[in-house]
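**Student:** Can you read through this structure? Questions will come right after.
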Amino acid sequence: MGSRARPAASNVVTPTKGAPVSTVLRPVHADDLEAIAAIEQVAFSDPWSASAFADLMTYGHARTIVALDAAGEVLGYCVLLHVLDEGEIANIAVAPAFRGRGIAARLLDDALGAAVRMGLRSVFLEVRLSNEAARGLYGSRGFSSVGRRRGYYQDPLEDALILRWNAQASSESHVAAAGA
């Protein structure tokens with residue numbers, strides 16, 4: 001989750017400066033794969049291919065959601081893998097020109113909502129130690145550090161924090177906040 005960005009690919013959408021972005025979330029379609037792969041290329045130093053995302057579409061334990069703008073362009077995506085009562089945010093990214101506009105938060109909230117509906121007790125993810133924006137988002141949603149993977153990320157070499165979200169603790173905190 002997170003790495004040094006590369007220059008934008010030509011098929012990554014660029015907004016008009018300062019334009020508000022309205023998004024719709026929906027399950028991935030085959031015609032989204034090239035746009036997802038383009039975002040992946042600029043977001044991660046070890047990107048997944050379009051065929052890797054296509055393979056995910058055939059897995060019953062994978063849920064991939066895309067965020068679209070009003071024109072139907074893919075602005076971001078989130079992959080949630082699940083087995084028994086655990087999940088993993090395997091990948092979440094937003095096109096660089098659209099970062100900081102709440103798109104990743106919407107995608108993450110959608111994934112966590114799906115996790116609750118599926119009966120998952122925990123959701124894990126890895127994040128670069130230096131990715132403060134992502135760490136802040138995850139922390140705001142109740143993720144906490146449970147470990148570290150030394151040298152997990154390449155180019156540049158960096159440790160990953162392993163974060164865990166607990167569905168029960170999260171629902172209890174929301175109940176407490178609502179009652180305050």
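**Student:** Under the condition of being at pLDDT below 50 and of a type in the set (Ser, Thr, Tyr), which residue from region 8-53 is farthest from Leu81 (Cα to Cα)?
**Tutor:** Thr16
**Student:** Continuing with the same structure: Of the conditions (1) at pLDDT below 90; (2) buried (at least 16 other Cβ atoms within 10 Å of the Cβ); (3) touching a helix residue (DSSP H, G or I) at 6+ places or on another chain (Cβ under 6 Å), Ala5 satisfies every one except a single condition; which number is it?
**Tutor:** (2)
**Student:** I'd like the full set of residues that are more than 11 Å from the chain's Cα centre (by Cα), outside any helix (DSSP H, G or I) and among the aliphatic types (A, V, I, L, M), limited to region 95-139.
**Tutor:** Across region 95-139, the qualifying residues are Ala95, Met118, Leu120, Val123, Leu129.
**Student:** Pick from region 67-87 the residues that are modelled with pLDDT of 95 or more and small (Gly, Ala, Ser): which of them is nearest to Ala38 (Cα to Cα)?
**Tutor:** Looking at the filtered set, the residue picked out is Gly76.
The values are calculated or read from the model by the stated rules, or taken from the named source; none is laboratory data. Note that this is a predicted model, so its numbers are computed, not measured. In this analysis, Cβ positions are derived from the backbone assuming ideal geometry, glycine residues included, and neighbour counts consider all displayed protein chains.
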